[in-house]
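What follows is one structure encoded as structure tokens, with my remarks underneath.
The values are calculated or read from the model by the stated rules, or taken from the named source; none is laboratory data. Computed from a predicted model, the values in this text were never measured in an experiment. Note that each Cβ is placed from the backbone with ideal geometry, even for glycine, and that neighbours are counted across all protein chains shown.
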């Protein structure tokens with residue numbers, strides 16, 4: 001697993017030349033890419049969401065496209081369209097921006113549900129179908145979607161089916177004063193995104209995606225994952241708990257985190273570290289709980305405290 005650790009260190013170090021002071025967010029983004037998953041970045045404007053996507057793509061040598069989601073965006077603007085060529089007298093497919101390796105969908109909740117759903121097939125089946133013809137997505141493929149959690153006017157909340165297809169939900173947050181000073185200094189003459197170069201090949205990344213599947217997960221760890229997910233389904237403040245896709249997401253990301261830590265096996269701390277970002281966005285809190293200011297993150301935190309950790313001993317009263 002030392003290869004995966006080395007790849008992670010190279011990519012994270014390179015991206016952190018652009019995204020300063022946000023190690024956890026950078027690490028989680030790479031973790032999602034290694035797990036062949038997608039990331040939802042929920043944060044206010046101007047904290048570096050676009051730069052995080054661009055720096056990640058540039059570090060691996062992946063193609064990068066960006067779509068600004070607006071209410072008038074059509075599904076064909078995402079997937080592509082067939083255009084009639086008068087010279088050849090045939091329809092030719094003009095691929096949309098979704099046919100790339102790393103796709104940034106900016107302010108995804110500003111598009112209509114119909115346009116949002118244009119991403120569903122690409123995110124889950126790794127293909128798009130236009131006019132009855134199916135086109136395979138390139139490898140690797142990752143959607144990084146952003147949404148503003150503050151300004152809700154003119155937005156369309158993501159449906160549960162789409163939220164469930166995001167492996168992780170993360171946020172960057174404002175930088176600390178000392179980190180913001182470093183940002184000002186780094187951009188005095190030119191933006192650091194122009195200086196970074198590719199540090200990992202696509203072939204190395206694809207090999208890492210396969211290698212993490214060999215990380216050992218003991219049955220006790222699997223039972224712990226299932227217990228956590230089941231606890232979200234049976235929580236009194238939850239209307240809809242995490243799906244089996246959430247269990248799979250927690251399983252795979254814990255394997256990747258163990259490999260990035262140069263371990264060949266998963267420990268409970270791996271699962272606990274990822275439970276919040278993997279499960280919280282898959283949980284729908286009941287209306288009565290929302291009135292009491294209970295949110296999905298606090299539910300996951302409560303579940304982590306209540307479900308026994310494998311190997312731990314219950315102290316006698």
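Is it fair to say residue 190 is in contact (Cβ under 8 Å) with a residue 60 or more places away in the chain, more than 25 Å from residue 124 (Cβ to Cβ) and loosely packed, with under 14 Cβ neighbours inside 10 Å? Don't jump to the end; show me each part of the working.
On the way: in contact (Cβ under 8 Å) with a residue 60 or more places away in the chain: no; more than 25 Å from residue 124 (Cβ to Cβ): yes; loosely packed, with under 14 Cβ neighbours inside 10 Å: yes.
No: the conditions fail for residue 190.
Tell me, which helices (runs of 4 or more DSSP H) lie completely within the range 209-311 with 2 or more residues that are surrounded by 18 or more Cβ atoms within 10 Å (Cβ to Cβ)?
Those helices (runs of 4 or more DSSP H) span 219-233, 244-260, 268-279, 296-306.
Just need a number here: residues in the range 255-287 that are farther than 19 Å from residue 165 by Cβ and touching a residue at least 12 places away in the same chain (Cβ under 8 Å).
Of the residues in that region, 20 qualify.
Inspect all residues belonging to the range 135-142 and state whether any of them is crowded, with 21+ Cβ neighbours inside 10 Å and modelled with pLDDT under 90. Can you show your working first?
First, the residues of the range 135-142 that are crowded, with 21+ Cβ neighbours inside 10 Å: 141-142.
The next check asks that each one be modelled with pLDDT under 90; those that pass are none.
Scanning the range 135-142, I find no residue that is crowded, with 21+ Cβ neighbours inside 10 Å and modelled with pLDDT under 90, so the answer is no.
For a quick check of your reading: which strands (runs of 3 or more DSSP E) sit entirely within the range 22-129 and have at least 2 residues that are within 13 Å of the chain's Cα centre (by Cα) and surrounded by 20 or more Cβ atoms within 10 Å (Cβ to Cβ)?
39-42, 102-106
Could you tell me whether the range 239-256 includes any residue that is more than 22 Å from the chain's Cα centre (by Cα), more than 19 Å from residue 34 (Cβ to Cβ) and not assigned by TED's automatic domain parsing to the domain that holds residue 41?
Within the range 239-256, one or more residues are more than 22 Å from the chain's Cα centre (by Cα), more than 19 Å from residue 34 (Cβ to Cβ) and not assigned by TED's automatic domain parsing to the domain that holds residue 41.
Looking at (1) in a helix (DSSP H, G or I); (2) touching a strand residue (DSSP E or B) at 6+ places or on another chain (Cβ under 6 Å), find the lone condition where residue 143 falls short.
The one condition residue 143 does not meet is (1).
Do you know which of the residues in the range 294-317 that are at pLDDT below 85 and more than 26 Å from the chain's Cα centre (by Cα) is farthest from residue 248 (Cα to Cα)?
Looking at residues that are at pLDDT below 85 and more than 26 Å from the chain's Cα centre (by Cα), I get 317.
Counting only residues that are touching a strand residue (DSSP E or B) at 6+ places or on another chain (Cβ under 8 Å), surrounded by 18 or more Cβ atoms within 10 Å (Cβ to Cβ) and modelled with pLDDT of 85 or more, how many does the range 154-186 have?
Residues that pass the stated criteria total 6.
Across the range 188-208, what is the number of residues that are over 23 Å from the mean Cα position of the chain (by Cα) and either within 17 Å of residue 258 (Cβ to Cβ) or outside any loop (DSSP other than H, G, I, E, B) (or both)?
The total comes to 2.
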